[in-house]
Amino acid sequence: MLSSRGLQLQLLACSVLLLLLFQASNAKKDLKSACSTCQQITENFNKGFDRTAKQNFGGGNTAWEERKLSKYETSEIRLVEILEDVCESSSFECNRMVEEHEEHFETWWFKKKTKHPDLHKWFCIDTIKVCCPKGTFGPDCNSCIGGSERPCHGNGACDGDGTRGGSGKCSCDPSYKGELCLDCVDGYFSEVRNDTFSLCAECHASCKTCTGATNEDCGECKEGWEDNEACVDVNECAKEPSPCKEDQYCLNSEGSYSCIACDDACSGCTGAGSDQCQACAEGYQDVEGTCTDINECSQSEPACLKEHQECINNKGSFICICSSGFEEKDGECVQQNDATEESEASQTISDPHREL
């Protein structure tokens with residue numbers, strides 16, 4: 001058994017390892033984040049440069065100021081005005097980077113701008129080295145898989161592309177897979193393929209895998225299709241018993257089917273509508289092949305059997321209500337008393353929109 005001291009040492013070693021892994025993970029994130037911040041700074045700097053292109057010192061005698069104080073176009077005042085607007089006040093990382101490298105901006109502005117007009121390349125890539133040229137990654141700006149001109153052979157994204165972080169591994173586009181993003185995923189086939197280029201095209205809708213564009217080129221059929229010298233649709237609705245419930249009808253579609261509720265007039269059906277019933281539901285009758293509502297209230301035998309009741313027909317059924325001047329009590333329709341009538345009359349006068 002481990003002693004208490006040995007157990008403590010093991011726990012400490014695990015904690016140190018976890019901390020190192022956490023720090024390494026954060027370091028990679030920080031490298032990508034630093035490049036993103038620098039990119040934003042240089043983009044905003046260029047916007048500020050364009051915005052101030054036609055400005056001047058703003059004083060009363062611009063000609064004298066430009067002659068004596070140097071031109072606004074290349075002045076320190078213009079540089080300061082541009083730098084003031086490159087960061088949001090709430091962006092700590094952006095403001096920290098600008099403050100930390102203020103001297104570099106001055107050097108580029110006064111000495112390097114003409115020879116190195118691309119501020120992002122000069123500042124972010126070559127000087128403070130938080131970014132890499134497009135198509136490269138990592139501390140040494142190594143080429144992404146597939147080469148810097150076409151990272152991941154044009155079929156994916158290189159992890160860390162353009163930054164000093166990342167692994168350089170490819171995250172392939174949806175149609176592609178493999179370390180080089182040259183292979184096709186299931187449902188696609190290589191229309192064109194060589195060592196450096198691959199074009200994946202979609203298989204026929206019936207194919208799970210394929211070698212070409214038609215249903216005859218399937219390697220394996222998708223569910224809902226069957227191999228009959230080509231992948232053809234399975235008509236699930238032709239199967240016995242039906243895959244649908246008794247109160248539903250089956251509608252076949254390519255590679256699948258749907259179960260749809262029968263019309264209310266039907267007791268079982270073969271399709272949509274009251275003319276596709278296998279039998280009529282209770283309260284309906286067959287009239288020239290269509291299940292039609294029975295008007296129970298118009299039958300020779302009265303539907304409502306209690307005294308002072310009226311019959312109201314509705315689809316597939318009917319209801320019995322008390323006639324005007326009567327109210328239901330204990331399941332019987334009894335005449336309303338004078339007090340009730342006077343009360344209702346009074347409410348009707350005070351609220352003419354009240355339903356009777």
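All of the numbers you see were taken from the coordinates with simple rules; none came from a lab. Computed from a predicted structure; not experimentally measured. For neighbour counting, all protein chains shown are included, and Cβ atoms are generated from backbone atoms with ideal geometry for every residue, glycine included.
A compact table of results
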read-out: Whichever lysines have a C-alpha closer than 25 Å to that of K208, once near sequence neighbours (fewer than 8 apart) are set aside; value: K177, K222, K239
read-out: Sequence-distant residues sharing a close amide H with D173 (under 5 Å, placed H); value: G156, A157
read-out: For peptides 280-288, 157-165, 200-208, sequence by mean Cβ density within 10 Å, most packed first; value: 157-165, 200-208, 280-288
read-out: Cα centroid separation - the range 222-274 against the range 136-191, whole Å; value: 44
read-out: Per-pair calculated FRET efficiency, R0 = 22 Å: V80 and E100 via Cβ, rounded to 0.05; value: 0.85
read-out: HN-Hα J in Hz across the range 179-196 - Karplus 6.51, -1.76, 1.60, θ = phi - 60°, x for Gly and Pro; value: 4, 9, 6, 10, 8, 9, 6, 4, x, 9, 9, 7, 6, 9, 7, 9, 5, 10
read-out: Amide H contacts under 5 Å for A281, placed H, 5+ residues apart; value: C266, S267
read-out: FRET efficiency, T292 to K169 (Cβ-Cβ, R0 56 Å, nearest 0.05); value: 0.25
read-out: Distant-in-sequence amide H partners of I294 (H built 1.01 Å from N, under 5 Å); value: Y284, Q285, G316
read-out: Charge tally in the Cβ shell below 12 Å around A201, where Lys, Arg are +1 and Asp, Glu are -1, A201 excluded; value: -2
read-out: Packing-based order for 137-149, 319-331, using average beta carbon neighbours within 10 Å, highest first; value: 137-149, 319-331
read-out: Peptide ranges 71-84, 301-314 listed from the most packed, as the mean C-beta count within 10 angstrom indicates; value: 71-84, 301-314
